[in-house]
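Presented below is the structure to which this report refers.
The values are calculated or read from the model by the stated rules, or taken from the named source; none is laboratory data. Small disclaimer: the values here were computed from a predicted structure and weren't measured. Here the Cβ positions follow ideal geometry from the backbone for every residue, glycine too, while neighbour counts run over all protein chains shown.
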Amino acid sequence: MNAIILAAGLGTRLLSKTHNIPKGMVKLFDKSLLEMQIDIFKKCGIEDISIVTGYLADKIIFPSINYFKNENYSTTSGNESLYYAREKLQDCTIITYSDIIFEKAVIEQVINFKGDIGIAVELNWEKNYVNRDQHPKSEADNVLFDKEDNVLEIKKNIQKPNSKIGEFTGITKLSKRGSDILLKKFNELKKSHNGRFHSASSLKQSIIPDMIQELIDSEINVEPIFISGKWCEIDTPQDLEIARKLFS
């Protein structure tokens with residue numbers, strides 16, 4: 001099993017912290033966000049860890065880590081970054097963003113998932129947006145389910161009254177077969193797709209939820225990994241303060 005951390009972005013909403021370092025190098029207590037993720041992965045027995053860099057790539061230096069650089073980080077987004085690390089999509093893989101933190105129990109639940117393509121989802125998610133005005137609930141990556149817990153849709157701000165809706169935590173797990181499926185789909189899209197791609201203006205500007213939605217629309221089974229435990233996304237200075245309280 002290996003892990004890929006996507007860390008190429010500019011982190012514009014944390015600019016007060018990221019004018020001279022990438023977002024993943026912002027510190028929470030005495031460790032950077034990336035270092036916290038690396039520590040958790042290693043505690044869970046995952047030693048093969050890759051980081052996709054971009055913005056201020058030379059600032060991300062950790063021993064025994066594989067590096068891939070998205071040279072076009074300023075004009076592309078998460079899916080393109082993942083494609084730079086495609087040689088690692090040959091095995092069971094966990095994919096995360098550099099701006100999320102989580103406790104060990106969350107990753108253990110992801111590791112225990114036995115399906116081919118799984119997305120980590122929190123159902124009790126709305127509490128995470130109380131007093132979070134810099135990053136409102138409308139910006140959550142929501143996941144819509146049917147009555148059998150099949151994933152129907154993943155995008156921001158799903159408005160479906162009386163429906164089961166969770167939040168995608170930014171953690172994806174692929175089996176070896178799941179990695180093959182995703183990479184095959186990506187290669188097909190690279191050759192043939194033009195114009196908008198789900199919620200993005202183009203394939204190159206798309207993020208992981210857009211690719212997940214493409215798999216769902218292609219009738220490829222995407223399963224939820226319902227997680228419990230501490231985790232949070234750090235996108236704004238306010239998020240950083242919330243994380244300090246949550247993980248204090």
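Data overview
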| read-out | value |
| --- | --- |
| Filter result for the condition that a residue is touching a helix residue (DSSP H, G or I) at 6+ places or on another chain (Cβ under 7 Å), of a type in the set (Gly, Ala, Ser) and closer than 24 Å to residue 110 by Cα, over 175, 179, 206 | 206 |
| Among (1) in contact (Cβ under 8 Å) with a residue 12 or more places away in the chain; (2) more than 24 Å from residue 185 (Cβ to Cβ); (3) of a type in the set (S, T, N, Q), the one test that residue 32 misses | (1) |
| Residues being free of Cβ contacts under 8 Å to residues at least 40 places away in the same chain and either under 18 Å from residue 2 (Cβ atoms) or aliphatic (A, V, I, L, M) (or both) - total across the range 115-140 | 2 |
| Conditions (1) more than 22 Å from residue 14 (Cα to Cα); (2) modelled with pLDDT under 95; number of the one not met by residue 145 | (2) |
| The range 189-206 - residue that is surrounded by 13 or more Cβ atoms within 10 Å (Cβ to Cβ) and among the charged types (D, E, K, R) and, of those, farthest from residue 116 (Cα to Cα) | 196 |
| Enumeration of residues in the range 205-236 that are part of a strand (DSSP E or B) and touching a Ser or Thr at 6+ places or on another chain (Cβ under 7 Å) | 231 |
| Selection status of residue 186, touching a helix residue (DSSP H, G or I) at 6+ places or on another chain (Cβ under 8 Å), among the hydrophobic types (A, V, I, L, M, F, W, C), surrounded by 15 or more Cβ atoms within 10 Å (Cβ to Cβ) and over 16 Å from residue 83 (Cα atoms) | no |
| Failed item in (1) within 25 Å of residue 34 (Cα to Cα); (2) surrounded by fewer than 21 Cβ atoms within 10 Å (Cβ to Cβ); (3) modelled with pLDDT of 95 or more, with residue 98 passing the rest | (2) |
| Looking only at the range 32-64, and only at residues there that are in contact with a Leu (Cβ under 9 Å, 6 or more places away or on another chain) and closer than 16 Å to residue 96 by Cβ, the one that is surrounded by the fewest Cβ atoms within 10 Å (Cβ to Cβ) | 62 |
| Any pair with Cβ under 6 angstrom, 6 or more apart, that starts in the range 220-246 at a residue that is closer than 21 Å to residue 209 by Cβ and touching a residue at least 60 places away in the same chain (Cβ under 8 Å) and ends at one that is surrounded by fewer than 20 Cβ atoms within 10 Å (Cβ to Cβ) and basic (Lys, Arg) | 235/13; 236/13 |
| Residue in the range 212-230 that is of a type in the set (D, E, K, R), within 18 Å of residue 13 (Cβ to Cβ) and at pLDDT 95 or above present | no |
| Checklist (1) assigned to a loop (DSSP other than H, G, I, E, B); (2) modelled with pLDDT of 95 or more applied to residue 90, failing item | (2) |
